[in-house]
Each structure stands twice: as C-alpha cells, then as structure tokens.
Amino acid sequence: MSRRDQIRMTPDELTAYLDEQKVVNVATIGPNGRPHLAPLWYYPHESGIATWTYGSSQKAKNLERDPRATVLIEDGEGYDKLRGISFEADVEVVTDTAAVTRMGIELMQRYAGAPPETRIPAEGASDQPGDPVPDELAGFIGKQAPKRIGLIFRPTKITSWDHTKLGGTY
C-alpha cells in the first residue's frame, strides 16, 4: 500500500474531521483570472459544507460569475501531525432570505457551541426538532440575512491526508 493510500481519510474520518474543524479557506476565481482566497466559518452540510457571506463580497461576486471553488481545511503543527481535506466543489448560491436566515442560524448555533442534535436544521421548516432560537440571535440573524447570501459547497473531487496514521514515520 502506498503512503498516499495510508494517509487518506475514510468517509467516517472525513465526516468527523468536518465536524471538528471551524475554519475553511475558500478559493474562487476573481475577475482578473487569479485565485481569490478567503477564510470562512462553515457547518457540515450533506457531503460538503455550507456557510453565508455578504452578497457584496468579492467571493460572492466571483461565485455568481463562476460557481466553482476549491476548499481547504487543515490543521497540525508538525509534519507528523498534519491532517486536512481539500476539495473542488460546485457551489449553489442561495439568495432566498428565509433560507439564508436558516443558514445563518445553523452557523451561529454551531459557533455558539450548540450540539448538532439541538440545532434547528438549516434546510428545514421551523417545526423541525431543535432548541428554540434565542430572540437576540434570531433578531441579529434577521437583520443580517437580507445583506447576505448562502453558499452550499458540493464536492466533486476530494483529497484528504492524516499523517498521524503513519505513527511518526514517513
């Protein structure tokens, strides 16, 4: 078995890694043809991730023109601890304010530390299971959502690595 095969994450490891990490670096193609790279908070969604951003941002303009991106999530201080996922993705741009509001709530609940089973699902109606959204959070998200768009990243090619599987040798 090649070293590359040894460090590849399994589907369950990929899911766990996406759940564990907090920041994604998203590369889009700018109007001059060069990559535009930006960090974002995200939440796991389907087999990829989702987030929101200001509709007037450069990444939003880039994705409206060309809805493809490359995503990087990585961690590890030393070579033997490097772990990460890089994927090419088709990106769905969500402009419906109600859907963007749900996405914002899902995102903020994740970063506030709400366990996944208590979050209101972003893709569902308000009658789905989940803890009630505090009025203060709902008010904040409600004011932000009209200025934002949702982004759903659906992977088309995934590369992963986990050097901890090598036991300190390479």
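List of remarks:
- Which listed pairs, of K59/K143; K61/K81; K61/K165; K22/K157, have C-alpha distances above 28 Å, in listed order: K61/K81; K61/K165
- FRET efficiency estimate (nearest 0.05) - Cβ-Cβ, D5 to F140, R0 45 angstrom: 0.45
- Helix runs (DSSP H) in the chain reaching 20 Å along axis by Cα, Kyte-Doolittle at least -0.5: 97-111
- Distance between the modelled labels on L166 and R34, one decimal in nanometres: 3.3 nm (7 Å Cα→Cβ projection).
- For the chain: span of alpha carbons on each principal axis (Å, largest first): 52, 42, 25
- Take the Cβ atoms of Q58 and A98, set R0 to 35 Å, and the FRET efficiency comes out at 0.85.
- Per-residue 3J(HN,Hα) values for the stretch 27-42, derived from phi via the Karplus relation 6.51 cos²θ - 1.76 cosθ + 1.60 with θ = phi - 60°, read 10, 10, 9, x, x, 8, x, 8, x, 10, 10, 8, x, 9, 6, 8 Hz in sequence order (x marks Gly and Pro).
- Sites excluded, GluC sites (Glu not before Pro) in DSSP loops with at most 16 other C-beta within 10 Å, longest stretch of the chain: 124-170
- Of P39, L18, S160, farthest towards positive along the dipole that unit charges on Lys, Arg, Asp, Glu beta carbons give the chain: P39
- Estimated dipole of the chain in Debye, rounded to 20 [Cβ of Lys and Arg +1, of Asp and Glu -1, Cα centre]: 740 debye
- Distance histogram in 5 Å bins (all Cα pairs of the stretch 29-90, percent per bin): 4, 14, 23, 24, 17, 10, 6, 2, 0
All of the numbers you see were taken from the coordinates with simple rules; none came from a lab. Nothing here was measured: the structure is a model prediction, and the numbers come from that model. FYI the Cβ positions are ideal-geometry reconstructions off the backbone, even for glycines, and counts take in every protein chain you see.
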